[in-house]
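Just so it is clear, none of the values below were taken in a lab; they were calculated from the coordinates. In this text, all values refer to a predicted model and were calculated from it rather than measured experimentally. Note that each Cβ is placed from the backbone with ideal geometry, even for glycine, and that neighbours are counted across all protein chains shown.
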Amino acid sequence: MIIKRDVQQDIQLAQDGNVEAFARVIQMYERTLYGLARTYIGRDEDCADVVQDTMMKAFRAIRTLREPAYFKTWMIQILINECRQWLRKKKRSRTVELSSLQIEEIAIQAPYEAIELTEAVWKLEQELRIVVWLHYYEDLPIKKVAMRVGVPEGTVKSRLHRARVLLAEELESSQERNVDDDPTIVRKLSLNLDDFAPLSAA
């Protein structure tokens with residue numbers, strides 16, 4: 001991932017101990033970190049704690065980052081490790097259930113069909129929700145998703161395929177509930193699901 005020169009400069013300043021520079025960089029990715037934390041944990045309060053721990057660990061370890069261009073990828077890896085540790089500590093083995101209040105903030109101002117699709121994503125079981133988030137929302141290729149999650153690329157592809165099937169079923173059910181209110185909802189939701197079509201393996 002290529003980042004802007006001024007961001008790279010801030011990362012380099014942060015590596016020299018500049019707290020303000022680190023805060024500027026973190027601000028760019030804070031929303032992404034919270035969103036990904038929600039796919040693992042769910043509760044906003046717990047997500048805040050995990051993200052805070054991630055930021056602290058990142059600041060302490062930022063001098064070990066050799067390439068500023070990989071800062072976001074590096075941060076995501078730290079966050080995933082923190083989420084896994086949190087889950088082990090809490091001994092939570094069941095799928096995290098998310099309420100409608102925990103839907104990603106970007107959906108709040110989005111069109112109706114985008115909200116429907118986002119809600120459907122959050123209803124997926126955790127292992128499916130995570131790969132959907134990383135591949136489609138964070139634009140990570142299959143290979144990198146596999147590295148983040150720690151499973152073979154084929155497993156990632158099968159999970160994404162399964163997620164698309166479940167999303168299609170959920171949206172079809174939603175269409176049946178809402179088609180009387182909005183006759184165009186079938187076409188809208190179908191087009192929105194098409195955004196999840198490509199599987200980039202690069």
_Nitroxide proxy distance, nm - points 7 Å out along Cα→Cβ at residue 12 and residue 168_ = 5.0
*Once fully extended, how much extra length lies between residue 20 and residue 127, figured as 0.36 nm per residue of separation less the alpha-carbon to alpha-carbon distance?*
34.9 nm
*asked:* Could you check the spin-label model distance between residue 139 and residue 49? Points 7 Å from the Cα along Cα→Cβ, value in nm.
replied: 3.4
